[in-house]
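Since the structure comes first, as C-alpha coordinates, the remarks are kept for the end.
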Amino acid sequence: MTTATKIRAAELTRHFDAVHAVNGIEIDVEEGQIFGFLGPNGSGKTTTIRMLTTLLPPTSGSIAIDGIDALRAPSEVRRRIGVALQEAGLDDLQTGRELLSLQAHLCEVPTREVQRRVNDLLEVVELSEAADRRIKTYSGGMQRRLDLASALIHGPRIIFLDEPTTGLDPASRDSLWRYVERLNQDEGVTFFLTTQYLEEADALAHEVAIIDQGQIVAQGSPDALKDSVGADVVTIGLHGETEHSEELHRSLTAIANVEDVRDVDDTIVVYVRDGAAAIAPIVLAMREAGIEVRDVSLKEPTLDDVFLRKTGHHLEPDAATEDGVVANGAGA
Ligand SMILES: Nc1ncnc2c1ncn2[C@@H]1O[C@H](COP(=O)(O)OP(=O)(O)OP(=O)(O)O)[C@@H](O)[C@H]1O
Ligand SMILES: [Mg+2]
(Lines give C-alpha, C1' and ligand atoms only; values in the text may rest on other atoms or scores of the structure.)
(Ligands and ions follow the chains in the order given, each with its own letter.)
Protein backbone atom coordinates (compact mmCIF):
# COMPACT_ATOMS: atom_id res chain seq x y z
CA MET A 1 0.00 0.00 0.00
CA THR A 2 1.43 3.36 -0.91
CA THR A 3 0.77 5.90 1.75
CA ALA A 4 -0.98 9.13 1.01
CA THR A 5 -1.82 12.11 3.13
CA LYS A 6 -5.50 11.85 3.98
CA ILE A 7 -5.87 14.90 6.21
CA ARG A 8 -3.72 17.97 5.81
CA ALA A 9 -4.15 21.39 7.30
CA ALA A 10 -1.73 24.29 7.05
CA GLU A 11 -1.70 27.39 9.23
CA LEU A 12 -5.21 26.56 10.29
CA THR A 13 -6.68 29.35 12.37
CA ARG A 14 -10.08 30.14 13.85
CA HIS A 15 -10.86 33.16 15.98
CA PHE A 16 -14.21 33.85 17.58
CA ASP A 17 -13.86 37.61 18.08
CA ALA A 18 -11.28 37.90 20.83
CA VAL A 19 -11.10 34.15 21.47
CA HIS A 20 -8.24 32.64 19.50
CA ALA A 21 -9.59 29.11 19.55
CA VAL A 22 -7.15 27.68 16.99
CA ASN A 23 -3.93 29.44 16.12
CA GLY A 24 -2.04 28.41 13.02
CA ILE A 25 -1.82 24.65 13.46
CA GLU A 26 -0.34 22.15 11.00
CA ILE A 27 -1.84 18.68 10.66
CA ASP A 28 -0.73 15.78 8.50
CA VAL A 29 -2.40 12.42 8.81
CA GLU A 30 -1.29 9.58 6.57
CA GLU A 31 -3.59 6.93 5.19
CA GLY A 32 -4.24 4.12 7.65
CA GLN A 33 -3.23 6.08 10.73
CA ILE A 34 -5.12 6.49 13.94
CA PHE A 35 -4.33 10.09 14.85
CA GLY A 36 -5.08 11.13 18.42
CA PHE A 37 -5.73 14.81 19.12
CA LEU A 38 -5.31 15.57 22.79
CA GLY A 39 -5.79 18.70 24.82
CA PRO A 40 -7.50 20.08 27.90
CA ASN A 41 -11.02 21.53 27.90
CA GLY A 42 -11.30 24.57 25.68
CA SER A 43 -7.99 24.01 23.90
CA GLY A 44 -9.50 23.98 20.40
CA LYS A 45 -10.10 20.29 19.61
CA THR A 46 -13.75 20.53 18.59
CA THR A 47 -13.14 23.75 16.68
CA THR A 48 -10.40 21.98 14.72
CA ILE A 49 -12.59 18.97 13.94
CA ARG A 50 -15.44 21.20 12.82
CA MET A 51 -13.12 23.01 10.42
CA LEU A 52 -11.60 19.79 9.07
CA THR A 53 -15.07 18.37 8.44
CA THR A 54 -16.37 21.48 6.61
CA LEU A 55 -18.81 22.42 9.39
CA LEU A 56 -17.04 25.65 10.32
CA PRO A 57 -15.13 27.98 8.02
CA PRO A 58 -11.60 28.77 9.21
CA THR A 59 -10.53 32.36 9.77
CA SER A 60 -7.49 31.49 7.66
CA GLY A 61 -5.41 28.56 6.53
CA SER A 62 -5.97 25.64 4.18
CA ILE A 63 -7.44 22.15 4.49
CA ALA A 64 -7.12 19.19 2.13
CA ILE A 65 -9.01 15.97 2.81
CA ASP A 66 -8.05 13.06 0.57
CA GLY A 67 -6.28 15.65 -1.57
CA ILE A 68 -9.45 17.70 -2.03
CA ASP A 69 -9.57 21.36 -1.03
CA ALA A 70 -12.18 21.43 1.73
CA LEU A 71 -12.89 25.12 1.32
CA ARG A 72 -13.49 24.88 -2.42
CA ALA A 73 -15.28 21.53 -2.59
CA PRO A 74 -16.93 20.92 0.78
CA SER A 75 -19.62 18.57 -0.49
CA GLU A 76 -17.07 16.35 -2.17
CA VAL A 77 -15.17 16.19 1.08
CA ARG A 78 -18.32 15.38 3.04
CA ARG A 79 -19.01 12.36 0.86
CA ARG A 80 -15.65 10.90 1.80
CA ILE A 81 -15.72 11.37 5.54
CA GLY A 82 -17.64 10.16 8.55
CA VAL A 83 -18.12 12.50 11.49
CA ALA A 84 -19.37 11.88 15.02
CA LEU A 85 -19.35 15.09 17.00
CA GLN A 86 -19.06 15.54 20.73
CA GLU A 87 -22.71 16.45 20.94
CA ALA A 88 -24.80 13.94 19.08
CA GLY A 89 -27.42 15.68 16.99
CA LEU A 90 -30.07 12.99 17.22
CA ASP A 91 -33.80 13.28 16.75
CA ASP A 92 -35.48 11.94 19.87
CA LEU A 93 -38.65 10.80 18.19
CA GLN A 94 -37.06 8.50 15.65
CA THR A 95 -36.02 4.98 16.43
CA GLY A 96 -32.38 4.03 16.07
CA ARG A 97 -33.17 1.99 12.97
CA GLU A 98 -35.11 4.83 11.36
CA LEU A 99 -32.29 7.25 11.96
CA LEU A 100 -29.69 4.97 10.40
CA SER A 101 -31.89 4.17 7.41
CA LEU A 102 -32.56 7.84 6.79
CA GLN A 103 -28.88 8.61 7.08
CA ALA A 104 -28.08 5.81 4.63
CA HIS A 105 -30.49 7.25 2.07
CA LEU A 106 -29.11 10.76 2.57
CA CYS A 107 -25.62 9.39 1.98
CA GLU A 108 -26.79 7.69 -1.21
CA VAL A 109 -26.20 4.15 -0.02
CA PRO A 110 -27.80 1.94 -2.74
CA THR A 111 -31.36 1.11 -1.62
CA ARG A 112 -30.91 -2.66 -1.85
CA GLU A 113 -27.96 -2.40 0.56
CA VAL A 114 -29.50 -0.14 3.16
CA GLN A 115 -31.18 -2.80 5.26
CA ARG A 116 -28.14 -5.04 5.47
CA ARG A 117 -25.81 -2.13 6.24
CA VAL A 118 -28.13 -0.85 8.98
CA ASN A 119 -28.43 -4.28 10.56
CA ASP A 120 -24.66 -4.84 10.47
CA LEU A 121 -23.93 -1.53 12.13
CA LEU A 122 -26.61 -1.98 14.77
CA GLU A 123 -24.91 -5.25 15.61
CA VAL A 124 -21.48 -3.64 15.83
CA VAL A 125 -22.57 -0.90 18.21
CA GLU A 126 -24.64 -3.40 20.17
CA LEU A 127 -27.97 -1.72 19.56
CA SER A 128 -29.79 -4.48 17.68
CA GLU A 129 -32.18 -5.10 20.53
CA ALA A 130 -32.93 -1.42 21.06
CA ALA A 131 -33.15 -0.66 17.33
CA ASP A 132 -36.92 -0.17 17.26
CA ARG A 133 -37.17 1.95 20.37
CA ARG A 134 -37.30 5.72 20.20
CA ILE A 135 -33.95 7.41 20.65
CA LYS A 136 -35.20 9.44 23.59
CA THR A 137 -35.37 6.22 25.61
CA TYR A 138 -31.65 5.52 24.99
CA SER A 139 -29.01 6.12 27.63
CA GLY A 140 -26.23 8.63 26.91
CA GLY A 141 -23.87 5.80 26.01
CA MET A 142 -26.39 4.25 23.61
CA GLN A 143 -26.88 7.61 21.91
CA ARG A 144 -23.14 7.98 21.42
CA ARG A 145 -22.96 4.54 19.88
CA LEU A 146 -25.87 5.29 17.57
CA ASP A 147 -24.23 8.54 16.50
CA LEU A 148 -21.07 6.62 15.75
CA ALA A 149 -22.99 4.09 13.66
CA SER A 150 -24.55 6.95 11.75
CA ALA A 151 -21.08 8.34 10.96
CA LEU A 152 -20.09 4.97 9.51
CA ILE A 153 -23.18 4.22 7.45
CA HIS A 154 -21.74 5.16 4.05
CA GLY A 155 -18.48 3.28 4.64
CA PRO A 156 -16.20 6.33 4.76
CA ARG A 157 -12.43 5.81 4.53
CA ILE A 158 -11.68 8.81 6.75
CA ILE A 159 -13.45 9.13 10.07
CA PHE A 160 -13.48 11.98 12.58
CA LEU A 161 -14.58 11.24 16.12
CA ASP A 162 -14.81 13.95 18.76
CA GLU A 163 -14.45 12.31 22.18
CA PRO A 164 -16.20 9.13 21.12
CA THR A 165 -15.69 7.43 24.46
CA THR A 166 -16.52 10.26 26.87
CA GLY A 167 -19.51 9.26 28.96
CA LEU A 168 -19.27 5.58 28.06
CA ASP A 169 -18.76 2.91 30.68
CA PRO A 170 -15.48 0.99 30.47
CA ALA A 171 -17.01 -1.99 28.67
CA SER A 172 -18.55 0.18 25.93
CA ARG A 173 -15.33 2.16 25.63
CA ASP A 174 -13.50 -1.04 25.09
CA SER A 175 -15.87 -2.37 22.46
CA LEU A 176 -15.83 0.95 20.61
CA TRP A 177 -12.04 0.98 20.53
CA ARG A 178 -11.95 -2.62 19.34
CA TYR A 179 -14.20 -1.63 16.46
CA VAL A 180 -12.03 1.36 15.59
CA GLU A 181 -8.98 -0.90 15.62
CA ARG A 182 -10.67 -3.48 13.45
CA LEU A 183 -11.74 -0.94 10.81
CA ASN A 184 -8.25 0.50 10.90
CA GLN A 185 -6.34 -2.76 10.70
CA ASP A 186 -8.60 -4.79 8.42
CA GLU A 187 -9.80 -2.04 6.12
CA GLY A 188 -7.15 0.63 6.43
CA VAL A 189 -9.62 3.30 7.52
CA THR A 190 -7.94 6.52 8.71
CA PHE A 191 -9.07 8.00 12.02
CA PHE A 192 -8.75 11.47 13.49
CA LEU A 193 -10.04 11.44 17.03
CA THR A 194 -9.97 13.35 20.25
CA THR A 195 -10.08 11.73 23.63
CA GLN A 196 -9.79 12.68 27.27
CA TYR A 197 -8.30 9.31 28.10
CA LEU A 198 -4.57 9.44 27.68
CA GLU A 199 -3.98 5.74 28.19
CA GLU A 200 -6.37 5.04 25.33
CA ALA A 201 -4.52 7.38 23.02
CA ASP A 202 -1.25 5.90 24.16
CA ALA A 203 -2.38 2.36 23.42
CA LEU A 204 -4.23 2.96 20.16
CA ALA A 205 -3.01 6.02 18.32
CA HIS A 206 -0.09 5.73 15.93
CA GLU A 207 0.52 9.43 16.17
CA VAL A 208 -0.70 12.04 18.63
CA ALA A 209 -0.70 15.81 18.66
CA ILE A 210 -1.18 17.74 21.86
CA ILE A 211 -2.98 21.06 21.58
CA ASP A 212 -2.99 23.73 24.26
CA GLN A 213 -4.62 27.15 23.89
CA GLY A 214 -5.05 26.68 20.15
CA GLN A 215 -1.48 25.65 19.46
CA ILE A 216 0.16 22.29 19.00
CA VAL A 217 2.76 21.92 21.71
CA ALA A 218 3.97 18.39 20.96
CA GLN A 219 3.52 15.82 18.23
CA GLY A 220 4.82 12.35 17.42
CA SER A 221 4.22 8.69 18.17
CA PRO A 222 3.27 8.08 21.81
CA ASP A 223 6.55 6.27 22.41
CA ALA A 224 8.66 9.00 20.84
CA LEU A 225 6.86 11.64 22.87
CA LYS A 226 7.36 9.77 26.12
CA ASP A 227 11.00 9.13 25.25
CA SER A 228 11.41 12.83 24.60
CA VAL A 229 10.73 13.46 28.28
CA GLY A 230 14.04 11.61 28.62
CA ALA A 231 13.75 10.93 32.30
CA ASP A 232 11.93 9.11 35.06
CA VAL A 233 9.21 10.93 36.91
CA VAL A 234 9.43 11.23 40.67
CA THR A 235 6.25 12.63 42.18
CA ILE A 236 6.37 13.90 45.75
CA GLY A 237 2.99 14.19 47.44
CA LEU A 238 2.69 16.92 50.08
CA HIS A 239 0.21 17.64 52.83
CA GLY A 240 -1.80 20.32 51.07
CA GLU A 241 -0.62 23.06 48.79
CA THR A 242 2.38 24.80 50.31
CA GLU A 243 4.61 27.62 49.16
CA HIS A 244 7.91 26.14 48.10
CA SER A 245 10.96 28.26 48.43
CA GLU A 246 13.27 29.00 45.57
CA GLU A 247 15.91 27.48 47.74
CA LEU A 248 14.12 24.11 47.70
CA HIS A 249 13.92 24.29 43.93
CA ARG A 250 17.60 25.06 43.76
CA SER A 251 18.55 22.14 45.96
CA LEU A 252 16.27 19.74 44.03
CA THR A 253 17.68 20.93 40.72
CA ALA A 254 21.22 20.47 42.05
CA ILE A 255 20.70 16.73 42.67
CA ALA A 256 22.58 14.58 40.14
CA ASN A 257 20.67 13.93 36.90
CA VAL A 258 17.67 16.12 37.75
CA GLU A 259 16.44 17.78 34.57
CA ASP A 260 13.37 19.68 35.65
CA VAL A 261 11.27 20.43 38.71
CA ARG A 262 7.59 21.36 38.53
CA ASP A 263 5.10 22.43 41.19
CA VAL A 264 1.61 21.13 40.57
CA ASP A 265 -1.07 21.64 43.23
CA ASP A 266 -0.09 19.53 46.20
CA THR A 267 2.73 17.69 44.46
CA ILE A 268 6.22 18.42 43.28
CA VAL A 269 7.23 16.59 40.11
CA VAL A 270 10.91 15.95 39.49
CA TYR A 271 12.15 14.73 36.10
CA VAL A 272 15.35 12.83 36.61
CA ARG A 273 17.44 10.26 34.80
CA ASP A 274 17.90 7.24 37.06
CA GLY A 275 15.01 8.13 39.33
CA ALA A 276 15.64 5.28 41.78
CA ALA A 277 19.04 6.73 42.74
CA ALA A 278 17.56 10.20 43.17
CA ILE A 279 14.81 9.37 45.64
CA ALA A 280 16.96 9.46 48.78
CA PRO A 281 18.59 12.82 47.99
CA ILE A 282 15.18 14.25 47.02
CA VAL A 283 13.61 13.22 50.32
CA LEU A 284 16.62 14.62 52.17
CA ALA A 285 16.32 17.97 50.35
CA MET A 286 12.63 18.13 51.29
CA ARG A 287 13.43 17.42 54.93
CA GLU A 288 16.10 20.11 54.97
CA ALA A 289 13.56 22.56 53.57
CA GLY A 290 11.23 21.61 56.44
CA ILE A 291 8.52 20.26 54.14
CA GLU A 292 6.75 17.12 55.24
CA VAL A 293 6.46 14.49 52.51
CA ARG A 294 3.24 12.46 52.27
CA ASP A 295 4.43 9.97 49.68
CA VAL A 296 6.92 9.51 46.88
CA SER A 297 6.35 7.60 43.65
CA LEU A 298 8.60 6.74 40.76
CA LYS A 299 7.28 5.98 37.28
CA GLU A 300 8.07 6.11 33.61
CA PRO A 301 6.74 9.16 31.79
CA THR A 302 3.18 9.15 30.42
CA LEU A 303 1.63 11.43 27.81
CA ASP A 304 0.46 13.56 30.71
CA ASP A 305 4.11 14.13 31.63
CA VAL A 306 4.83 15.21 28.07
CA PHE A 307 2.09 17.79 28.44
CA LEU A 308 3.13 18.84 31.93
CA ARG A 309 6.70 19.43 30.83
CA LYS A 310 5.63 21.49 27.84
CA THR A 311 3.01 23.60 29.55
CA GLY A 312 3.38 23.37 33.32
CA HIS A 313 -0.08 21.88 33.84
CA HIS A 314 -1.79 18.51 33.63
CA LEU A 315 -3.83 17.17 30.75
CA GLU A 316 -5.88 14.74 32.82
CA PRO A 317 -9.67 14.75 32.56
CA ASP A 318 -11.11 17.06 35.16
CA ALA A 319 -14.37 17.76 36.85
CA ALA A 320 -15.37 20.14 34.06
CA THR A 321 -15.61 17.26 31.58
CA GLU A 322 -19.30 16.61 32.00
CA ASP A 323 -20.07 20.32 31.70
CA GLY A 324 -17.77 20.57 28.72
CA VAL A 325 -19.82 18.05 26.79
CA VAL A 326 -22.99 19.97 27.35
CA ALA A 327 -21.61 23.48 27.20
CA ASN A 328 -19.49 23.24 24.10
CA GLY A 329 -21.05 24.45 20.90
CA ALA A 330 -20.27 21.35 18.87
CA GLY A 331 -23.62 21.36 17.06
CA ALA A 332 -23.24 22.55 13.47
N1 LIG B 1 -19.11 29.19 18.48
C2 LIG B 1 -18.24 29.72 19.34
N3 LIG B 1 -18.29 31.03 19.69
C4 LIG B 1 -17.41 31.59 20.55
N5 LIG B 1 -16.40 30.90 21.12
C6 LIG B 1 -16.28 29.59 20.81
C7 LIG B 1 -17.19 28.93 19.92
N8 LIG B 1 -16.82 27.63 19.80
C9 LIG B 1 -15.74 27.49 20.61
N10 LIG B 1 -15.42 28.67 21.21
C11 LIG B 1 -14.29 28.88 22.13
O12 LIG B 1 -13.11 28.39 21.51
C13 LIG B 1 -12.27 27.75 22.46
C14 LIG B 1 -12.01 26.32 22.01
O15 LIG B 1 -13.20 25.58 22.11
P16 LIG B 1 -13.32 24.06 21.65
O17 LIG B 1 -14.75 23.66 21.78
O18 LIG B 1 -12.69 23.91 20.34
O19 LIG B 1 -12.43 23.34 22.77
P20 LIG B 1 -12.24 21.77 23.06
O21 LIG B 1 -10.78 21.53 23.07
O22 LIG B 1 -13.07 20.98 22.12
O23 LIG B 1 -12.79 21.65 24.55
P24 LIG B 1 -13.55 20.40 25.28
O25 LIG B 1 -12.48 19.48 25.74
O26 LIG B 1 -14.23 21.06 26.44
O27 LIG B 1 -14.50 19.80 24.32
C28 LIG B 1 -12.98 27.87 23.79
O29 LIG B 1 -12.47 29.00 24.44
C30 LIG B 1 -14.43 28.07 23.40
O31 LIG B 1 -15.12 28.78 24.39
MG1 LIG C 1 -14.56 19.65 22.39
> How far is the Cα center of the stretch 218-238 from the Cα center of the stretch 70-99, in Å?
Replying inline: 37 Å
>> Just to confirm, what accessible area per residue do you get for the chain at 1.4 Å probe, in whole Å²?
In response: 48 Å²
>> How much of the DSSP bridge set in the chain is antiparallel, in percent, rounded to the nearest 5?
In response: 70 percent
>> Please check: in the Gaussian network model of the chain (C-alpha springs, under 10 Å), which one of ASP66, ASP232, ASP263 has the largest mean-square fluctuation.
In response: ASP263
>> Suppose R0 equals 51 Å. What FRET efficiency, 1/(1 + (r/R0)^6) with r the Cβ-Cβ distance, do ASP120 and GLU11 give to the nearest 0.05?
In response: 0.80
> Rg/Rh for the stretch 182-263: what does it come to with C-alpha atoms and Rh from Kirkwood?
Replying inline: 1.12
>> If I compute solvent accessible area with a 1.4 Å probe over the protein chains, what percent of it on the stretch 1-86 is carbon and sulfur?
In response: 47 percent
> Which of these, MET286, MET142, MET51, has the largest mean-square fluctuation under a Gaussian network model of the chain (Cα springs below 10 Å)?
Replying inline: MET286
> When Rg is the radius of gyration of the Cα atoms in the stretch 133-178 and Rh is its Kirkwood radius, what does Rg/Rh come to?
Replying inline: 0.97
> For the pair ARG72 and SER245, how long in nm is the line joining their label points, each one 7 Å along Cα→Cβ?
Replying inline: 6.6 nm
> Rounded to two decimals, what ratio of Rg to Rh does the chain give with C-alpha atoms and a Kirkwood Rh?
Replying inline: 1.04
> With each pseudo-label sitting 7 Å past Cα toward Cβ, what's the LEU106-ASP169 distance in nm, one decimal?
Replying inline: 3.0 nm
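Compute, for the chain, the length of the dipole vector about the Cα centre, with Cβ point charges of +1 (Lys, Arg) and -1 (Asp, Glu) only. Units Debye, rounded to 20.
1320 debye
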>> What is the percent carbon and sulfur in the accessible area of the stretch 231-300, measuring with a 1.4 Å probe over the protein chains and ignoring ligands?
In response: 47 percent
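The values are calculated or read from the model by the stated rules, or taken from the named source; none is laboratory data. As the structure is a prediction and not an experimental result, all values here were calculated from the model. Virtual Cβ from ideal backbone geometry, glycine too; neighbours counted across all protein chains shown. When the accessible area is computed, the model is the full protein with side chains, heavy atoms only, and any ligands, DNA or RNA have been set aside. Shrake-Rupley method; radii C 1.70, N 1.55, O 1.52, S 1.80 Å.
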